[in-house]
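To start, I am sharing the structure in question, which I have written as structure tokens.
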Amino acid sequence: MGRRQLWDQGEVLASAMQLFRRRGYLGASLRDIEEATGLHPGSLYRTFQSKDGLFHAALEAYNEQVVQDRVRVHLLESADPLVGIRSFFTSAIETGAEPDPGCLLTNTAVESFTLPKTAAGVHHGLAVIEGGFADALTRARRSGDTPPDLDVKTTATHLLALYQGLLVFVRAGLPRTTLHNVTDGAMASIGSLRNPRKQDRP
């Protein structure tokens, strides 16, 4: 009869997500993992096989729980798709008083040259975001809020690139004025026929 598992895997992955967001894969030692998750090395290797296995599981959970949820709330379910696109950008800026550890997906993409096996997870997360932008842009074009000849696929890719750049800027601690300028540029690139901007500047 196997030993009963006394810890919750969801809680472990949530703690691992936060650790890897702050430290990155290379910066998180096994001691850091043990302190953050409460997992002893034996439990870590028995469940995830390795530090790599834990990282891949944390990235997959991040895509499912964080990336997909944000895309759903801001891009797929927003009654006004242009407001949704803007709020998707600004929600990454207004992170509160504590320094933001950044997006695990973006941080992993930057670090991926040392983690070639993470490419599939990174590509999946980016595709989810790009698909959300494409959905919002399609709805905006259908309602007449963008030029009728807007190239949805190209514009969605452009927005994805700007959004990833914004997240790098957030992690680097650039001034909010700069971050909001990136958002304004993203909205301008859509060629919107109206201005959906709310009072999102401090």
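The values are calculated or read from the model by the stated rules, or taken from the named source; none is laboratory data. Keep in mind it's a predicted model, so treat the numbers as computed, not measured. So basically every Cβ, Gly included, is an ideal-geometry build from the backbone, and we count neighbours across all protein chains shown. Remember, those area values only see protein heavy atoms, side chains included, never the ligands or the DNA or RNA. Shrake-Rupley method; radii C 1.70, N 1.55, O 1.52, S 1.80 Å.
Please verify whether T108 is open to solvent by less than 50 Å² (accessible area, probe 1.4 Å), touching a residue at least 24 places away in the same chain (Cβ under 8 Å) and assigned to a loop (DSSP other than H, G, I, E, B), treating the condition exactly as stated.
Judged against the criteria, T108 is not a match.
Still on this model: Limited to the range 107-121, what total is found for residues that are under 11 Å from L59 (Cα atoms) and either in contact with a Lys or Arg (Cβ under 8 Å, 6 or more places away or on another chain) or among the β-branched types (V, I, T) (or both)?
Looking only at that region, the number is 3.
Checking the structure you have, find out if any residue of the range 57-64 is over 15 Å from the mean Cα position of the chain (by Cα) and farther than 26 Å from N181 by Cα. Before the answer, list the steps.
Step one: of the range 57-64, the residues over 15 Å from the mean Cα position of the chain (by Cα) are 57.
This time we only want the ones that are farther than 26 Å from N181 by Cα, so: 57.
Yes: one or more hits.
Right, another one. Restricting the range 169-202 to residues that are modelled with pLDDT of 90 or more, out of contact with any Phe, Trp or Tyr (no Cβ under 7 Å at 6 or more places or on another chain) and among the β-branched types (V, I, T), which is most open to solvent (accessible area, probe 1.4 Å)?
T177
Quick one: is G132 touching a residue at least 40 places away in the same chain (Cβ under 8 Å), touching a helix residue (DSSP H, G or I) at 6+ places or on another chain (Cβ under 6 Å), under 30 Å from K51 (Cα atoms) and open to solvent by less than 10 Å² (accessible area, probe 1.4 Å)?
Considered against the rule, which asks whether it is touching a residue at least 40 places away in the same chain (Cβ under 8 Å), touching a helix residue (DSSP H, G or I) at 6+ places or on another chain (Cβ under 6 Å), under 30 Å from K51 (Cα atoms) and open to solvent by less than 10 Å² (accessible area, probe 1.4 Å), G132 comes out as no.
If a residue has to be assigned to a helix (DSSP H, G or I) and surrounded by fewer than 17 Cβ atoms within 10 Å (Cβ to Cβ) to count, how many in the range 30-40 make the cut?
5
Being open to solvent by 50 Å² or more (accessible area, probe 1.4 Å) and under 29 Å from R23 (Cβ atoms) is the filter here; which residues of the range 151-161 pass it?
Once the filter is applied, which keeps residues that are open to solvent by 50 Å² or more (accessible area, probe 1.4 Å) and under 29 Å from R23 (Cβ atoms), the range 151-161 yields only A161.
Quick one: which helices (runs of 4 or more DSSP H) lie wholly within the range 41-83 and hold at least 3 residues that are hydroxyl-bearing (S, T, Y)?
Per the criteria, 41-48.
Being among the charged types (D, E, K, R) and part of a helix (DSSP H, G or I) is true for just one of D145, D135. Which residue is that?
The conditions single out D135.
In the range 63-90, what residues are open to solvent by less than 40 Å² (accessible area, probe 1.4 Å) and of a type in the set (G, A, S)?
Going through the range 63-90, the residues open to solvent by less than 40 Å² (accessible area, probe 1.4 Å) turn out to be 63, 67, 71, 74-75, 78, 81-90.
Selection gives S78, G84, S87.
As an exercise: evaluate R86 against (1) within 25 Å of H180 (Cα to Cα); (2) in a helix (DSSP H, G or I); (3) modelled with pLDDT under 90; (4) charged (D, E, K, R) and give the number of the one condition it does not meet.
(3)
Just one of the numbered conditions (1) in a loop (DSSP other than H, G, I, E, B); (2) surrounded by fewer than 17 Cβ atoms within 10 Å (Cβ to Cβ); (3) at pLDDT below 90 is not true of P101; which one?
(2)
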